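Structure first, commentary second.
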Amino acid sequence: MFFEDLEYKDKIIPKTILGYGPFLAELYYGHRSRLYFDDLYNNPQYTSEVIQEAYAQGVRAINLVNDENLLKAYDLALDEGCEMKVIATIGKTDVDYLNPNYEVAKEADWDEDIKLFSTYDCPLMLVDEFITDAYDWRLTTKILNSINDTGSLSGLVTSFPSRTTDRLADNIDMDLFDFYMIPFNSLSYMMDINAFNASQRQEFVDRVLKLNKKIIATRTLAAGILKPKEAFTFLKSIDYIDAISIGVAKIEEVKEDFEILKQY
């Protein structure tokens with residue numbers, strides 16, 4: 001299921017995507033962020049080895065942003081024959097998840113990102129969550145149009161799958177994009193939902209399905225809180241998730257997580 005390809009508008013999107021969260025030592029990993037900063041972000045060679053192991057396990061897509069260390073790690077993996085589809089996030093900035101400054105996010109050099117990733121095997125480019133969630137619809141529209149001009153598919157990332165979903169249809173041309181990346185896990189961790197009981201789950205489903213977009217689930221392991229088997233069992237039961245993004249921090253994690261995923 002998760003190791004199949006999604007074919008859409010003449011593009012091929014692998015359904016399992018290697019996430020960049022641990023590689024950038026994102027702060028939502030708490031105390032582990034410092035470890036990831038030393039072990040992964042400041043060590044592109046080891047990050048490359050993690051990417052190579054993911055490739056060996058059958059992962060054929062990676063979510064990348066315009067970051068020198070991350071791109072160096074991926075280029076090293078490319079040199080070893082790990083040619084993956086690049087799912088690019090456009091306009092990524094160093095914004096604090098706990099206290100986001102959306103004005104800083106809106107100043108990202110997104111145009112340079114689009115030019116950069118146009119040189120990769122990049123079937124899909126996504127507008128970064130802090131631009132999407134700034135609700136500057138004119139800017140978001142401009143970025144989506146620029147992505148579409150490259151021939152890549154386009155999409156949005158959000159940190160607020162409830163609040164942002166409710167605003168989209170009334171504020172942006174829904175024909176401009178095809179994909180929607182949202183945090184999604186059984187704990188509703190990093191989702192703007194207090195709980196994820198049956199009634200809330202159905203309400204959320206109805207709102208997301210109304211968008212009629214291809215859905216990519218991210219933070220599927222709830223930043224490491226969920227065990228892979230628990231997380232993947234939940235995701236398998238959801239029939240409206242089209243692809244998943246999974247972050248891993250060690251070669252051992254790659255082997256464990258993706259071997260388990262192959263069972264679903």
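Remarks
- Pairs linking a residue in the range 209-234 that is farther than 30 Å from Asp175 by Cα to a residue that is β-branched (Val, Ile, Thr), with Cβ atoms under 7 Å and 6 or more positions apart or on different chains, are Leu221/Ile246; Pro228/Ile260; Lys229/Ile260; Ala231/Thr220; Phe232/Ile260.
- Among the residues making up the range 179-233, those that are open to solvent by less than 30 Å² (accessible area, probe 1.4 Å), among the aromatic types (Phe, Trp, Tyr) and modelled with pLDDT under 85 are Phe196, Phe204.
- Some residue of the range 11-34 being farther than 18 Å from Ile246 by Cα, touching a residue at least 60 places away in the same chain (Cβ under 8 Å) and open to solvent by 40 Å² or more (accessible area, probe 1.4 Å): yes
- Considering the range 235-252, and only residues there that are aliphatic (A, V, I, L, M) and at pLDDT 90 or above, the residue that is farthest from Met174 (Cα to Cα) turns out to be Ile251.
Per-residue answers, yes or no, for (1) within 21 Å of Tyr41 (Cα to Cα); (2) open to solvent by 80 Å² or more (accessible area, probe 1.4 Å); (3) small (Gly, Ala, Ser); (4) more than 19 Å from the chain's Cα centre (by Cα):
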residue: Gly81; (1), (2), (3), (4): no, no, yes, yes
residue: Val86; (1), (2), (3), (4): yes, no, no, no
residue: Thr89; (1), (2), (3), (4): yes, no, no, no
residue: Asp96; (1), (2), (3), (4): yes, no, no, no
residue: Glu103; (1), (2), (3), (4): no, yes, no, yes
residue: Ala108; (1), (2), (3), (4): yes, no, yes, no
residue: Glu112; (1), (2), (3), (4): no, yes, no, yes
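- Matching entry among Ser245, Ser152 (being touching a Gly at 6+ places or on another chain (Cβ under 6 Å), buried (at least 16 other Cβ atoms within 10 Å of the Cβ) and within 24 Å of Ile51 (Cα to Cα)): Ser245
- Close pairs from the range 67-84: first part of a helix (DSSP H, G or I), partner exposed (fewer than 12 other Cβ atoms within 10 Å of the Cβ), Cβ under 8 Å, at least 6 apart: Ala73/Gln45; Leu76/Gln45
- Number of the condition not met by Ile12 [criteria: (1) modelled with pLDDT of 95 or more; (2) among the aliphatic types (A, V, I, L, M); (3) not in a strand (DSSP E or B)]: (3)
The values are calculated or read from the model by the stated rules, or taken from the named source; none is laboratory data. All values derive from a computational prediction rather than experimental measurement. Note: ideal-geometry Cβ built from the backbone for every residue, glycine included; neighbour counts use all protein chains shown. What goes into the accessible areas is simple: the full protein's heavy atoms, side chains included, and nothing from ligands, DNA or RNA. Shrake-Rupley method; radii C 1.70, N 1.55, O 1.52, S 1.80 Å.
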